[in-house]
Structures are given as C-alpha cells and as structure tokens.
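Data first, discussion second: the structure below is written as structure tokens.
Laboratory data are not the source of any read-out in this text; all were calculated from the coordinates shown. Given the structure is predicted, the values throughout are model-derived calculations rather than measurements. Heads up, the Cβs are rebuilt from the backbone with ideal geometry, glycines too, and the neighbour counts pull from every protein chain shown.
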Amino acid sequence: MDEHRDDPAGARGGLDPRAELSEFLRIRRARLKPQDVGLPDLGRHRRVPGLRREELAQLAGVSVAYYTRLEQGNGRNVSTEVLDAIARALRLSDAEHAHLTHLARPGRRARRPEPRSRQARPALRQLLDAMETVPAYVVGRRSEILAWNRMATAVFGDWGALPPQERNWARMVFLDPAQRELFVEWEQKACDMVAYLRMDAGRHPDDPALSALVGELSVKSEEFRTLWARHDVKEKSHGVKRLRHPLVGELTLLWESFRPAGEAEQSLVTYFAESGSPSAEALRLLGSWNADAPADGPRTPAARGRDGHGNGPPEAGASGGPSPGSDYLP
C-alpha cells in the first residue's frame, strides 16, 4: 500500500512533493481517454481507465522511460520544455500547468520560522473600511481570513466573534454545518476551497501549518478527504455565489479577487450585486441595518445568534431587522 495515500496531510513533517507529483500525473492521465486525444480505443483490451504511460509519452514526445521516472516522482532536472509538452498532452489548465511545475521543480528555499500571525497591512484595512457598500475581505495563505469590513460581517457573519485560528474559510466550510445553509451551491464552494488549498500546497509543500490544516480536515471531514484525493487545483479569480441569508433571503453576488501590490500571498476579495437587482436592494438593506457594527474587531457573543452557537439568526427588532448591536453569524 502506498503510505502517502494514507497520509494526505503529510503528518510526518509536510507534503512530499515527489508523492504529490506522482499522484497528480497518474490521476490526470487516468482522466483522459484515447479518443480525447485522437488515439484508437482498444476497448476491452485496455487494463487502465485512461491513457497508458506509453501513449502519454508518445503525445508529449518523450521516451516512456523518461515519463515513467517523472510519474514516479523523479522530477529532478526536468526541463521547462518537457513540462510544457506534458502539460499540453494532459490538456492541463493554466493553474494545473503551474501546479505541475511547482511539484516537479519545488523551490529550494531554506525554511524560515513562521510569524506568529499574518496581518493585512494598514492601508488595506483602510481600503476595506472605505468600501462602505461592498462586502470585502482579505484572505491569506491557507485560506486564513485576515481582515474584513462591515458589509462582509453583514453578509457572511461575525468573524470577529471567532478565535483567530478559526477564521479560516476551509475550516468553516467543512466543519461548520451552518455554511451548508449559507451557500446554495455548497458542494461547489467545497470543491473550490480544496482546489485553492492544493494550489497553495504545491507552492509551499514544506509548510507545517498547511499540513496541519489538511490533516485536521482529513480526519474530521470525509468530504474533504474525497476532494483532496482528486488533486484538483484552481486560482482565485472571479465568479458568482448564491447565498441563502437568514435575514434577506437569497442573494446572487458576483465576486472578484485581486492580488494587492507587494502581497504575493494575500488576496482582496469583493462581492457586489447587479445594479437594480433584488440582491442589490438586499445588500442596501443589510448595509443600513449594519451601519453601526464594528469591522474586524471584537464582537459581542450575542452576535452568534439566538442559541449562542451560531445556529439561528439574531432576534429581530420591531422593524423586522436585526436588533441594535447584533450581527448574524452563519
């Protein structure tokens, strides 16, 4: 049995780039059928679900022995040209191509001690505060939520009421049952979150905190284990999210992700609704109800909901909106 498959978190001290490379190539090869790449299908005589190694090597223009060594995790001295050819043969996306390069040629960086906490710089926090009508937050490595504004609190909940180590999108998506109610397409949100973590793991295979997070989620969530084994990768970019908000009902929000200058490992994520849409009006209402709420600072425990554990919306005031000083925590 392959010990790496039973140890997805790399509990022995980090993710093994060689094992990751081997699994990534094997899974991507298995997903391609001969007819997908213009090769004859030999039908019942095939013993593998996808392309054979020799077929992939032929498509990439490399020897079978060379490709076999690469798929066994030996990516030392592999050239950019060969990686490009294999990426084309496997029909990899740009993100998958970058991930393959990270795994085959991991950076030879000396380990540096992790800072006790990662923070968004003051200018980014000021920018968040200035975005008074736009839900926005800064997310860092390992899906850590580093800073957010009042509108993000109104839409997503009171992250300030959580301990810092729990302000993590991956942990909330897989370990907080309320997230299944918040995200209409929870399954897609879960897939995206794992793909982002996989991309991060390819860049930083020796990150012990990331390995610990993957290990925790692998133990506590069967759904995470299943998705992690697929080796899907994705970069944050843009899209549409449908939310089921307890106060204003369903929201359809467009989102965009930006990489702030000088912050290679942080992203500014913003949400907005189409002008004149019901979701735009719902955002306006949430903003007016939440006008006096603090941004990413301490919150009152009452904001966690009626039962104190985030399992219900806050008590509504006479107007039907949230009572003064309360926030919804999904």
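Observations on the model:
- Simple Cβ-charge dipole of the stretch 126-270, Lys/Arg +1 and Asp/Glu -1, about Cα centre, in debye nearest 20: 180
- Calculated from backbone phi, Karplus (6.51, -1.76, 1.60) coupling profile of the stretch 168-184 in Hz, x at Gly/Pro: 9, 4, 4, 5, 5, 4, 8, 10, 9, x, 5, 5, 5, 7, 6, 9, 4
- Proximity of backbone amide H atoms, modeled 1.01 Å from N, is registered between Leu247 and no other residue at under 5 Å, excluding neighbours fewer than 5 places apart on the same chain.
- Rounded to whole Hz, the Karplus (6.51, -1.76, 1.60) HN-Hα couplings of the stretch 55-68, x for glycine and proline: 5, 5, 4, 4, 5, 7, x, 10, 6, 4, 4, 5, 5, 4
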